[in-house]
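S.K.: First the structure, then my questions, so here it is.
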Amino acid sequence: MEDSSMGGALVPTVKACEHLPASATETASEEPDKDIMCPICMQIIKDAFLTACGHTFCYICILTHLRIKSDCPCCAHSLTTDLIFPNFLLDKWLKNALASRMAKTASPFEQLRRGLHQGCEMSIKELDGLLSLLEDKKRKMEQQESETSMEIMLGFLHCLKKQKFQELNEIEADLQYIKEDITVVERRRLELCSWEQESSIKLKMLAPGDQQQHSNGIVCSTQHVQAPMSCNDLLNKRSDVKAQAISKALQLNNDYGSSSDMQCMTTPGVASLARKRRVHSQFNHLQECYLQKRRNWYRQEERGANTMNIEGYNPGLEEFQSVLTSFTQYSRMRVIAELRHGDLFHSANVVSSIEFDRDDELFATAGVSRCIKVFEFSSVVNEPADIQCPVVEISTRSKLSCLSWNKYTKTHIASSDYEGIVTVWDVTTRQSVMEYEEHEKRAWSVDFSSIDPSMLVSGSDDCKVKIWCSKQEESVLNIDMKANICSVKYNPGSSFFVAVGSADHHIHYYDLRNISQPLHVFSGHRKAVSYVKFLSNNELASASTDSTLRLWDVKENLPLCTYRGHMNEKNFVGLAVNNEYIACGSETNEVFVYHKAISKPMAWLRFGSSDLGENDDNTGSYFISAVCWKRDSPMLLTANSQGTIKVLLLAA
């Protein structure tokens, strides 16, 4: 996708004043007398010369004129160089007038300098007095300059002191949060240890036959079980067991190498160690996330809100624990299935859109190959083949840009195409249910409402957002905007709110009950907004060709986070959201996954072409063109501009 080209507008500037003669700049408000201006150069006459016809010019000006013409510039009478004469009287008057004017405007230093230069007589006593005055003036100026510098320095230091005290207070408050949270987490950890120990004892009590010990013919029952260990002893013992497990795993790794089989043999201790490494690798970002959540809840506590839960956890700590768990749960992606979307003999295989149906049983793909293909997900994953066959295939008249399944009617899917046509299809009959042809240019995006299944929205290069009803042939609402529309999306919790990504670098959030102006306009992207997707009723993710993703709070009208790591400067590379995870493509032929609370990628995978027997060196010319999460699952559908579709799985 390319940004719409616009003519450059000049910044309005204040017009400069007309240029005054060089010798008259001392008094810009005074206009020089026209009688003393040269009619040729329109400047004050310099080296005045008088002609036989009575006109006065600058000597250089009239001499240059007479080399070209032999007449007077003022009266056109015949004139030669023999008929021009110096005007000594005017020259003398002009010099005196100029000197008088300069004397009036000159500084005392300039007047003194001129007087001394012209040989003004002065006694030694007068000169000593003058030097003394100059020294006093110099001392006063130096003192004043020093006082000014000290005042500026003092102001800076006071400001720095205030800032550092604020930082210190913030650090002390943060330390207090951390101390409180350490106490709460340690107490909770000991409670879990105690509960685990009690559960272990109960299990032993329930199975006495397994715990009998025979020694010299005497049977020892479970009533004589050794006294339970303390929680600290139990923690130490568990740590020793984990260390032994890690040591054994590392020894096996050294013996057999780091193959994929060995990666599947990880113990809980090794997994825990890997998660700790992920924490350290993103420590600064996790620290910012923790402090931000903790400070937000502290401000709510100051307002009198009861924020403690039953276990004594502050909700900010509870939220961060959820982030920490979900962020460290995965670190990479692996391919579990792969298929080709297009015809092997057809070069146009770019997959523009890939979407799961209502039940995540089927997924549909569409792109520049003028065809909608529907696949059965379980078949693709469980029965891999070199070329998978779609269960439904629908041919279209034009290249397709976007797909959207109806959230209630399982067999209905909407498409938008390069001719501006929005079509609702029945995948069972392979026929169109409704066609809308009001858009005048290419339609980039279409989306069914989650609340009202009969409503859908579309956006186009004609700068219009249109609301459609599947029961009507004409659009229900029309929103005129000033730039191309790249993406539209209904809020999943309402049929009244629509987010619009535009080529004007902004996201416009509309309440369809009042379309005269957007409810909010989110600014921050530096280029066209190519995608908008809702993580929840209040959280909106956006993608742009400025190589960033952004997260917004549509309820509070606030920016939440900016994500960087992928590359996207000109193409549609896809955007998908799933609870706490955001996935997007890259023009480096890679897929990136972000956690919504962390600005750096948590996992990424580069597409290869080894499945086709080609050289991977050519993969750099391709880009990821579409992504889609399987709802509430770590599985991700991805496609690239080569027409390759892969099913990816987030892994530890």
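S.K.: Treat each spin label as a single point 7 Å out from the Cα along the C-beta direction, and report the Arg67 to Asp47 distance in nm.
M.R.: In this crude label model, Arg67 to Asp47 measures out at 1.2 nm.
S.K.: Can you work out the FRET efficiency for the pair Asp426 and Thr183, with r the C-beta to C-beta distance and R0 = 51 Å, to the nearest 0.05?
M.R.: 0.25
S.K.: Per 0.36 nm of contour for each residue apart, how much would the distance between Asp136 and Ala271 grow if the chain were fully extended, relative to their Cα-Cα spacing?
M.R.: So the extension gain works out to 40.6 nm.
S.K.: Run the 1.4 Å probe and let me know the accessible area of Cys628, rounded to the nearest 10 Å².
M.R.: 10
S.K.: Could you please state how large a percent of the accessible area of region 488-556 is carbon and sulfur, counting protein chains only and using a 1.4 Å probe?
M.R.: Roughly 45 percent of what the probe reaches on region 488-556 is carbon or sulfur.
S.K.: Run the accessible area of region 37-105 with a 1.4 Å probe and give the carbon-and-sulfur part as a rounded percent.
M.R.: Carbon and sulfur atoms account for 61 percent of the accessible area of region 37-105.
S.K.: Solvent-accessible area per residue for region 129-203 at a 1.4 Å probe radius, Å²?
M.R.: Per residue, region 129-203 has 86 Å² of solvent-accessible surface.
S.K.: Now for a separate question. Round to a whole angstrom and tell me the spacing of the C-alpha centers of region 404-423 and region 269-292.
M.R.: What the calculation gives is 42 Å, centre to centre.
S.K.: Calculate the spin-label point distance for Arg631 paired with Ser379, positioning each point 7 Å from the Cα along the beta-carbon direction, and give it in nanometres.
M.R.: Here the modelled spin labels are 2.2 nm apart.
S.K.: Place a point 7 Å from Cα of Lys570 in the direction of its Cβ. Which residues in region 364-382 have their backbone N less than 19 Å from it?
M.R.: Hits in region 364-382 for Lys570 at 19 Å: 368.
S.K.: With a probe of 1.4 Å, find how much accessible area region 37-105 has per residue, and write the answer as a whole number in Å².
M.R.: Here the per-residue accessible area is 65 Å².
S.K.: Please sort 553-560, 393-400, 360-367, 131-138 by packing, taking for each peptide the average over its residues of neighbouring beta carbons within 10 angstrom, highest first.
M.R.: 360-367, 393-400, 553-560, 131-138
S.K.: What is the gain in length, in nm to one decimal, between Ile40 and Ser149 on full extension, counting 0.36 nm per residue of separation less the C-alpha to C-alpha distance?
M.R.: 34.0 nm
S.K.: Just to confirm the filter: which GluC sites (Glu not before Pro) across region 426-481 are DSSP coil and have at most 15 other Cβ within 10 angstrom of their Cβ?
M.R.: Sites meeting the loop and neighbour criteria: Glu437, Glu440, Glu473, Glu474.
S.K.: Express in nm, to one decimal, how much length is gained between Thr325 and Asn96 on full extension, taking 0.36 nm for each residue of separation and deducting their alpha carbon distance.
M.R.: Length gained between Thr325 and Asn96: 73.4 nm.
S.K.: Which shape class applies to region 316-469: rounded if a/c is under 1.5, otherwise prolate when a/b exceeds b/c and oblate if not, where a ≥ b ≥ c are the square roots of the Cα gyration tensor eigenvalues?
M.R.: Oblate is the answer for region 316-469, as a/c is 1.5 or above yet b/c matches or exceeds a/b.
The values are calculated or read from the model by the stated rules, or taken from the named source; none is laboratory data. From a predicted model like this one, the values you see are computed outputs, not experimental measurements. Note that each Cβ is placed from the backbone with ideal geometry, even for glycine, and that neighbours are counted across all protein chains shown. Side chains included, ligands, DNA and RNA excluded: accessible areas come from the protein's heavy atoms. Shrake-Rupley method; radii C 1.70, N 1.55, O 1.52, S 1.80 Å.
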